[in-house]
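The values are calculated or read from the model by the stated rules, or taken from the named source; none is laboratory data. Because the structure is a prediction, the values reported are computed rather than measured. Positions of Cβ are backbone-derived with ideal geometry, glycine not excepted, and every protein chain shown enters the neighbour counts.
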Amino acid sequence: MDNATAPAMGTPLIKPSTTSHPLYVDIVVACRTVHDPEIPVNIYDLGLIYTIEINDENHVEIAMSLTAPGCPVAGDMPGWVADAVLMVPGVRTANVSLVWEPQWGMDMMSDEARLELGFM
């Protein structure tokens, strides 16, 4: 990566989530209901949900990744996440985007996911 495309110093690779919004915890709970069919752990604890942004009108934007670009459910999983989030009372809209930067890695998994998968 050259200096023209490198992120500015101090710029996080993953945009921070709107954790102070009253719907944030319920949206995380909804994301935890979605599982990758090939891995017996929910996508939130796998670290696939990068950012949850919620604006003042309760519109939700989620940036997520997959364990690999060739994931067989790549076309379906964003819809599964949006459907789950739309079930949260108060959420008006949910838009889920797939992102590939930064690339997902096993270090993004929660301790619970690592334990469940036998990595701890």
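For this structure, a couple of remarks:
- Test result for residue 74, among the aliphatic types (A, V, I, L, M), modelled with pLDDT under 95 and either surrounded by 13 or more Cβ atoms within 10 Å (Cβ to Cβ) or in a loop (DSSP other than H, G, I, E, B) (or both): yes
- Residue 118 meets the stated requirement of being surrounded by fewer than 18 Cβ atoms within 10 Å (Cβ to Cβ) and either at positive phi or touching a His at 6+ places or on another chain (Cβ under 7 Å) (or both).
- Residue within the range 15-31 that is of a type outside the set (S, T, N, Q), modelled with pLDDT of 95 or more and closer than 23 Å to residue 105 by Cβ present: yes
- Just one of (1) at pLDDT below 95; (2) in contact with a Ser or Thr (Cβ under 8 Å, 6 or more places away or on another chain); (3) surrounded by 18 or more Cβ atoms within 10 Å (Cβ to Cβ) fails for residue 54. It is (1).
- Selection from the range 79-118 of residues that are part of a loop (DSSP other than H, G, I, E, B) and in contact with a helix residue (DSSP H, G or I) (Cβ under 7 Å, 6 or more places away or on another chain): 87, 88, 91
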